[in-house]
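Only one structure is covered here, and it is reproduced in the block below.
The values are calculated or read from the model by the stated rules, or taken from the named source; none is laboratory data. Treat the numbers as computed from the prediction; the structure is a model and nothing was measured.
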Amino acid sequence: MRMHNNKIMVGAAVAAAALLLTACSGASDSSSSPEAVATAPTVAPSPDATQRQELYRALEAIDLGYVRRTGPAVRHAMEVCADITAGKDPATTAKNAEASFRGLDEQESVHDRGQKIVDAVKRTFCH
């Protein structure tokens, strides 16, 4: 009798687990729920070796301090490109470019150079 009860308990547990998995994995119509719609993050292109050299020259024309630390300059340029490809408005993109490059400049501020940075990124690799 005891063996029979164990089989019933195991069977009930398996049935409950199957129902739970079915309920959790069931397809739902997420198109009717605005919360379910997610946007994929924008991935910025990475400049190749030739484009990096063009980027360095373009940044050097704005201010030599940007190019002295080339790794961060490329990373920040890719962030600017991500803003461009995400379709952010030009004022926000320029402001973000200024903020991204602020620490790479030997001067205190890169104020009013954000748009020049954006233009350099677009011209060299972020088409």
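At a glance:
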| quantity | calculated |
| --- | --- |
| Residue ID - modelled with the lowest pLDDT, chosen from residues in the stretch 67-84 that are among the β-branched types (Val, Ile, Thr) and closer than 12 Å to Phe125 by Cα | Val74 |
| Which listed residue is hydroxyl-bearing (Ser, Thr, Tyr), over 16 Å from Thr124 (Cα atoms), assigned to a helix (DSSP H, G or I) and at pLDDT 95 or above, from Thr93, Thr50 | Thr93 |
